[in-house]
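Read the structure below first, then the notes.
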Amino acid sequence: MSAGIDPARDTHATEGTGVPIRFRVYRRKAGDRAGHFDEFALEVAPDTTVLDALVAIRTRLDPTLMLRHSCFHASCGTCGMRVNDAEVMACVTKVLDLGTPRVKVEPIANGALLGDLATDMVDFYARLAAIGRALVRNSEWLPSSELPPGIEAHNRYESCIECGLCLSACPVVATDARYLGPAALAAAERAIGEPRGLDPGFILNLIDDPQGAWRCHAAFECTEACPSEVDPAGAIMALRRRAAGARLRSIIRRRT
Amino acid sequence: MSGSSSAPHVVIVGGGGTGGALAHDLVLRGLRVTLVERGELTSGTTGRHHGLLHCGARYAVKDRESAVECIEENRILRAIAPGSFELNDGLFVAITDEDAAYEPLFFESCLASGIPARRVGRAEALRLEPNLNPELRCAVQVPDGTMDAMRMPLRFFATAKLNGATIKPYTEAVAMTMRAGAGRAVAGVEVLDRASGARYEIGADLVVNAGGPWAEKIAALAGVEVPIQPSPGVLVAVRGRYANMVINRLHASGDGDIVVPQREISVIGTSSWLADDPDHLTVPADHVAKMISEGSAMIPALASAAVRATWSAARPLIGERGATSGRELSRTFKCFDHAPEGVEGFVTISGGKATTLRAMAEAAADVVCAKLGIEAACRTREYVLSPHTAYYA
């Protein structure tokens with residue numbers, strides 16, 4: 001317990017609050033033939049998140065629990081998981097908002113597992129690597145503000161936090177490992193819109209492919225799952241329009 | 001790049017920014033390096049900070065040493081980690097008469113610390129940042145920036161790994177093994193692999209404790225004490241971006257005095273108290289309320305912004321038990337060689353802050369190399385880091 005702070009004031013408490021929740025947590029270690037669920041009981045407060053609960057489980061009940069986390073405010077993207085069958089960031093999902101006395105927690109789907117809830121992100125980044133996506137962009141500042149002397153343009157991080165939730169939610173990725181997937185296609189759309197040294201023609205060629213923008217079934221599950229308002233499905237539709245437009249222009253050029 | 005099989009082997013305990021930067025530094029100096037972290041990399045304090053690339057202005061008046069460290073490291077990080085920062089600068093805003101009376105000392109202290117600072121009048125400040133409190137008196141522009149609190153440090157791990165370091169997340173140090181014979185000397189680290197359940201020993205010529213606020217717990221494994229005081233603070237993230245620049249309150253260091261814009265959110269920080277155990281951090285309701293009220297003194301719209309997350313992060317401050325709030329403890333860092341306490345082969349690096357991670361690693365690597373009799377210059381000031389994605393390659 002913290003010196004100088006009364007635990008009763010803890011808005012993220014995981015004990016002593018009188019609101020009991022049973023967590024069913026997916027477990028699977030390297031070498032296990034199959035996964036199973038372990039149950040853990042905690043008492044939660046109004047602001048206690050699924051991540052707070054999992055960290056408390058690891059700290060107090062089972063130190064062998066593996067999970068990814070870092071920033072606690074859905075900026076780093078590490079704690080994406082499936083909670084009660086929905087793709088969420090555990091750090092901004094309040095337990096009591098789920099409205100269920102039992103909470104099921106599983107790792108994101110469609111990725112290799114390090115263990116328990118911890119996903120190996122190698123596949124995710126391999127898909128992004130094809131696009132050559134950069135980390136910051138130079139557009140989009142508050143339009144009402146002026147730029148101070150000495151600054152040519154404010155730059156911004158891309159909105160994508162690389163959490164993998166869109167790949168987990170995508171029904172096509174589930175059945176086709178070769179599909180580029182929503183995160184990489186959204187990155188492609190950003191890169192074509194603002195190339196910053198990348199070759200837009202190369203990227204357009206890459207995504208104008210049966211395993212690229214045309215493989216999407218337009219289920220829009222990715223946009224639903226995205227915690228960062230990237231709208232991968234919208235980006236995929238925009239890529240199709242760009243690709244179709246480019247094909248049309250090339251046909252017209254051949255005829256004239 | 002990685003050390004030859006005869007090079008000394010250093011085991012680093014702790015996978016935060018400091019541990020990652022140290023692995024990078026030591027591998028470049030030709031040593032063999034293994035880093036163990038009980039959870040995910042950057043899962044302790046590193047990833048939880050507000051994402052400020054400090055320019056040192058916050059410390060210029062009261063802690064000149066930290067201010068100078070910050071502006072030096074700010075310049076180095078911009079050069080070695082391009083793409084990991086929003087180069088958006090920072091604005092210190094004076095809201096009250098008392099704030100305005102503090103401005104001359106603040107401005108002069110920035111210049112005296114080598115921090116480029118520019119005086120900005122009220123009208124210009126409101127043109128630059130229209131969401132600021134229109135009551136503001138004056139402002140000072142400084143080279144703060146927004147950093148990606150996870151991905152910037154991850155670049156050190158990625159680069160270290162590419163150069164031959166072994167990085168082992170989900171591997172918890174549970175004991176130190178000691179050398180047989182006279183005197184106490186650390187011979188390695190006994191670890192638990194959380195993926196396989198295996199318990200095994202990693203032999204080491206030297207072990208570095210880079211546990212941040214957990215440094216006391218790791219030092220206890222070797223039977224020594226370090227004067228590290230976990231000092232948590234509450235942070236609040238709200239939806240929406242209300243400023244381009246990092247907005248700081250121009251006053252003596254206090255609670256709720258910064259708003260760091262990051263992507264499409266804004267992070268308000270931070271309070272400060274002292275805790276015993278970094279594994280049991282609370283998020284007190286009154287601290288959350290204070291962050292929002294102090295943040296909205298600078299940017300009124302924050303009072304009605306939708307809260308995205310509230311959390312606590314524990315700073316690893318160097319100090320003695322008996323300090324009251326943590327504010328009076330220095331923000332600089334320190335490397336402790338535990339040989340004078342009778343334990344050889346064991347070094348602790350702690351204190352500091354995210355912006356000074358590379359400098360902390362350099363200081364620790366100097367101590368490590370001196371102890372191991374290695375003569376190799378630090379190369380991390382100029383060495384451009386691989387992108388964070390390379391960690392997963």
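Any read-out appearing in this document is the output of simple, stated calculations on the displayed coordinates, not a laboratory observation. Values in this document were obtained by computation on a predicted structure and should not be read as measured data. Heads up, the Cβs are rebuilt from the backbone with ideal geometry, glycines too, and the neighbour counts pull from every protein chain shown.
Highest mean first, what order results for B:163-174, B:192-203 on Cβ atoms within 10 Å?
Most protected by this proxy first, the peptides run B:163-174, B:192-203.
Based only on other Cβ atoms within 10 Å, what is the fewest-to-most ordering of B:ASP257, B:ASP148?
B:ASP257, B:ASP148
From the phi angles alone, apply the Karplus equation (6.51, -1.76, 1.60; θ = phi - 60°) to region B:229-241 and give each ³J(HN,Hα) in whole Hz, x where the residue is Gly or Pro.
10, x, 10, x, x, 8, 10, 10, 9, 10, 6, x, 10
Give the angle, between 0 and 90 degrees and rounded to the nearest 10, that separates the Cα long axis of helix B:357-372 from the longest principal axis of the Cα atoms of chain B.
The angle comes out near 20 degrees.
Please compute, for peptide B:39-45, the average count of beta-carbon atoms on other protein chains lying within 10 Å of each residue's beta-carbon.
6
What number comes out for the charge environment of A:LEU167, summing +1 per Lys or Arg and -1 per Asp or Glu over other residues with Cβ under 11 Å away?
-3
What do you get for Rg/Rh over region A:122-255 if you use C-alpha atoms and the Kirkwood form of Rh?
That ratio is 1.02, to two decimals.
Can you tell me the convex hull volume per residue for the protein assembly as shown, based on C-alpha atoms, in Å³ to the nearest whole number?
That works out to 164 Å³ per residue.
May I ask which of B:LYS161/B:LYS371; B:LYS334/B:LYS371; B:LYS161/B:LYS334 have a Cα-Cα span longer than 22 Å here?
Distance filter (> 22 Å) returns B:LYS161/B:LYS371; B:LYS161/B:LYS334.
Once label points are set 7 Å from the Cα along Cα→Cβ at both A:ARG253 and B:GLU264, what is their separation, rounded to one decimal in nm?
In this crude label model, A:ARG253 to B:GLU264 measures out at 3.5 nm.
Relative to the longest principal axis of chain B, what angle (0 to 90°, nearest 10) does the C-alpha long axis of helix B:285-298 take?
Tilt relative to chain B: about 50 degrees.
How compact is chain B by the rule of thumb for globular proteins, expressed as Cα Rg over 2.2 N^0.38 Å?
Against the empirical 2.2 N^0.38 Å value, I get 1.00 for chain B.
Kirkwood Rh, Cα Rg: Rg to Rh for region B:74-118?
Over the Cα atoms of region B:74-118, Rg/Rh equals 1.10.
Restricting to the protein assembly as shown, what percent of DSSP beta bridges are antiparallel, rounded to 5?
75 percent
Working from Cα positions, state the angle (0 to 90°, nearest 10) between the long axis of helix B:97-112 and the longest principal axis of chain B.
50 degrees
Could you tell me the distance between the Cα centroids of region A:50-64 and region A:188-256, to the nearest Å?
What the calculation gives is 41 Å, centre to centre.
Please compute one quarter of the surface area of the Cα convex hull for chain A and express it in square nanometres.
For the Cα atoms of chain A, the hull's average projected area reads 19.2 nm².
Could you let me know the centre-to-centre spacing of region A:75-123 and region A:18-34, using Cα atoms, in angstrom?
12 Å
For region A:7-120, what is the convex hull (Cα atoms) projected area averaged across all directions, in square nanometres?
6.8 nm²
Give, in nm to one decimal, the length gained when the segment between A:ALA246 and A:ASP120 is fully stretched (0.36 nm per residue of separation minus the Cα-Cα distance).
Extra length from A:ALA246 to A:ASP120 when fully extended: 41.7 nm.
Just want the ordering: B:GLU294, B:GLU375, B:GLU37, from fewest to most Cβ atoms lying within 10 Å of their own Cβ.
B:GLU375, B:GLU294, B:GLU37
Within the set of other residues whose C-beta is less than 11 Å from the C-beta of B:PRO8, count the net charge using Lys and Arg as +1 and Asp and Glu as -1.
+2
Averaged over B:144-153, how many beta carbons belonging to a partner chain fall within 10 Å of each residue's beta carbon?
Across the residues of B:144-153, the mean count of other-chain Cβ atoms within 10 Å is 4.
Apply the membrane-span-like helix rule to chain A: whole DSSP H runs, Cα extent along the own long axis of at least 27 Å, mean Kyte-Doolittle hydropathy at least -1.0. List the helices found.
Within chain A the helices that satisfy the rule are A:232-255.
With just the Cα atoms of region B:79-163, tell me how far they stretch along each of the three principal axes, in Å, largest first.
So the three principal-axis extents are 53, 30, 17 Å.
Provide a whole-number value for the mean count of partner chain Cβ atoms within 10 Å of the Cβ atoms in peptide B:126-132.
4
Suppose only helical runs count, i.e. DSSP H with n ≥ 4. What mean residue ellipticity at 222 nm does that imply for chain A under -39500 (n - 2.57) per run, divided by all residues and rounded to the nearest 500 deg cm²/dmol?
Only helices count here, giving -8500 deg cm²/dmol.
How charged is the neighbourhood of A:GLU87? Take every other residue with its Cβ under 11 Å from the Cβ of A:GLU87, and add Lys/Arg as +1 and Asp/Glu as -1.
Taking every Cβ under 11 Å from that of A:GLU87, the sum is -3.
Hey, can you rank B:295-304, A:185-194 by average C-beta count inside 10 Å, highest first?
With the highest mean Cβ count within 10 Å placed first, the list reads A:185-194, B:295-304.
With an 8 Å Cα cut-off and a minimum separation of 6 or more residues, compute the relative contact order for region A:122-255 in percent.
24 percent
Set the Förster radius R0 to 60 Å, insert the Cβ-Cβ distance between A:ALA219 and A:GLU146 as r into 1/(1 + (r/R0)^6), and round the FRET efficiency to 0.05.
My answer for the efficiency is 0.90.
Full extension from B:ALA393 to B:ALA376: what is 0.36 nm times the residue separation minus their Cα-Cα distance, to one decimal in nm?
Length gained, B:ALA393 through B:ALA376: 3.2 nm.
Rounded to the nearest 0.05, what FRET efficiency do B:ALA187 and A:ARG22 have when you use their Cβ-Cβ distance and R0 = 41 Å?
0.40
For B:TRP273, A:TRP214, B:TRP214, what's the fewest-to-most ordering of other Cβ within 10 Å of each Cβ?
By the 10 Å Cβ count, ascending: A:TRP214, B:TRP273, B:TRP214.
When the helix-only estimate is applied to chain B (DSSP H runs of n ≥ 4, each -39,500 (n - 2.57), divided by the residue count), what is the mean residue ellipticity at 222 nm, nearest 500 deg cm²/dmol?
Value at 222 nm, helices only: -8000 deg cm²/dmol.
Could you let me know the centre-to-centre spacing of region B:117-151 and region B:201-233, using Cα atoms, in angstrom?
39 Å
Report the gain in length on full extension from A:ASP199 to A:ALA30: 0.36 nm times residue separation, minus Cα-Cα distance, nm rounded to one decimal.
Full-extension gain reported as 56.7 nm.
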